[in-house]
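The structure under discussion appears below in the form of structure tokens.
Just so you know, all these numbers are worked out from the coordinates, no wet-lab data involved. Computed from a predicted model, the values in this text were never measured in an experiment. Cβ sites come from the backbone with ideal geometry, for glycine too, and all protein chains shown count toward neighbours.
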Amino acid sequence: MDFLARYLALQDALNRYASFWRPAPFHIARPDWCVQYPEWAAQALALDDSEVERLNADNVALIDWAAHRLPALAELQALIELPRLELPGDAEPVSGHLAWAMPGRKQAQVEAFAEAVDTIAKPILEWCGGKGHLGRLLAARAQQPVLSLDYDATLCREGELLAERAQVDQRFVCADALYADTAHHLAGCHAVALHACGDLHLALLHGAVAHHAAAVDLSPCCYYRTADAVYRPLNPEGTLQLSRDELHLPVTDTATAGARDRRLRDRAMAWKLAFVQLREALANVPSTRTFKPVPASWLALGFEPWCRQLAAREGINVPAHYDWLALEAHGWQRQREVMRLSLVRHVFRRPLEVWLALDRALYLERAGYRVRLAEFCGRELTPRNLFISARQG
Ligand SMILES: C[S@@+](CC[C@H](N)C(=O)[O-])C[C@H]1O[C@@H](n2cnc3c(N)ncnc32)[C@H](O)[C@@H]1O
């Protein structure tokens, strides 16, 4: 199936099943599908914690589970399937001076990405490269000079020191990727971007096409980090209307989170759901109203002070006495339900992510590039493992 056919098939499925994935159980306790499919809702609510984790960690198993209730959903399986670019057995691991300052999992991601980039025939431009870990490895392996671009001067300086120590041909430029003039750096080069967020990778695509980059290798992430409140597809056939909240859906999987991170994630969700209830009870604010992110460090305060601090920030008056035990218990009850009912929403997480990646791949294809879409590593290394690879001509 070519990119356009798959893009349209996914778009059609996402539109047809919108009632399963648009409403978030965090905001809407019982989405309409629970009324339409009460048995499915009851079965989801009865799952134990380990089943919830297992299904959440495996998109194929998740679609299988859903297809038992609604067989037509099995069609999603083929639509999300992509070739995996395996590491060749003789690949050299990142070692010694090239691995300096790279945390373990980042090192493995950089390695897998570098292996996925095949021939490099032009100078390399690393887009939003941070300390330039990927660029440093490519500079050592590709015999091409590397320019790593980031807007954080401290990261650029640290990257320069690492490049000097590694004795590779890598320079840094401190520039804002969202500033139109920055795109001239892309002219004629081989652009690489590991995990560039929403608008940052869109700026790369537009800049690469406008300035005739010779090649682009990109793994997109954080699709929701955009200035636009509503997503604007890059292709005329794209009709899916996506809010910023919905763009968050593809990146909700935490396949690589450890047990401690999962506990903190669960507590943060339970407390936020308790706060939503408190806000509704005291100020009649509907549960669908979103609030700004809550600093993770506040979790150490304990439940009541956490609630009071958030209420003060949100301008909600809290009485001196409140039944905090009952409120926290309510939050945990809701958290259990949200985790389970969200499984049905998560069935559409990967289809939506692949649709977004196809939107980017098609855009490059239409601009005259030969494009491949694949997975550059397994999702246990990073669930953001999509790889868009484009070559001019
Ligand atoms: C998710 S990190 C990815 C870093 C690196 N590619 C990696 O995978 O390690 C995003 C990087 O984008 C940089 N960044 C954020 N906004 C930027 C902007 N407007 N212009 C340039 N760089 C930006 C950040 O400083 C950060 O280093």
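Values computed for the structure shown
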item	result
FRET efficiency estimate (nearest 0.05) - Cβ-Cβ, residue 184 to residue 333, R0 56 angstrom	0.50
Cα pair distances in region 331-393, grouped into 5 Å bins until the bin that holds the longest one, percent each	4, 16, 17, 17, 14, 12, 8, 6, 4, 3, 1, 0
Sequence of 128, 222 once ranked by neighbouring C-beta atoms within 10 Å, starting from the fewest	222, 128
Two-site label geometry, residue 144 and residue 297: point separation in nm, points 7 Å out along Cα→Cβ	4.2 nm
Alpha-carbon gyration tensor eigenvalues x 5, square-rooted, for the chain, Å	39, 26, 20
Rounded to 10°, Cα long-axis angle of helix 303-313 versus longest principal axis of the chain	70 degrees
Computed FRET value (nearest 0.05) for residue 164 with residue 2, which takes r as the C-beta separation and R₀ as 56 Å	0.75
Estimated distance in nm for a label pair at residue 46 and residue 86, the labels positioned 7 Å out from Cα along Cα-to-Cβ	4.1 nm
Relative pair counts by distance (%), Cα atoms of region 96-221, 10 Å bins	15, 50, 32, 3
Over region 253-393, volume per residue of the alpha carbon convex hull, in Å³	150 Å³
Quarter of the Cα convex hull surface for region 252-296, i.e. its orientation-mean projected area (nm²)	3.7 nm²
Spin-label pair residue 74/residue 105, simplified geometry with 7 Å Cα→Cβ offset, distance in nm	3.4 nm
14 Å cut-off, amide nitrogen to a point 7 angstrom out along residue 314 Cα→Cβ, residues in region 275-298	275-295
Gyration tensor (alpha-carbon) shape descriptor, region 1-86, a/c threshold 1.5	oblate
Degrees separating the helix 259-283 axis from the principal Cα axis of the chain, which is the longest one	50 degrees
Value of D in µm² per second that Stokes-Einstein yields for region 177-290, Kirkwood Rh from Cα pairs, at 20 °C (1.002 mPa s)	125 µm²/s
Contour minus Cα-Cα distance for residue 304 and residue 252 (0.36 nm per residue)	16.0 nm
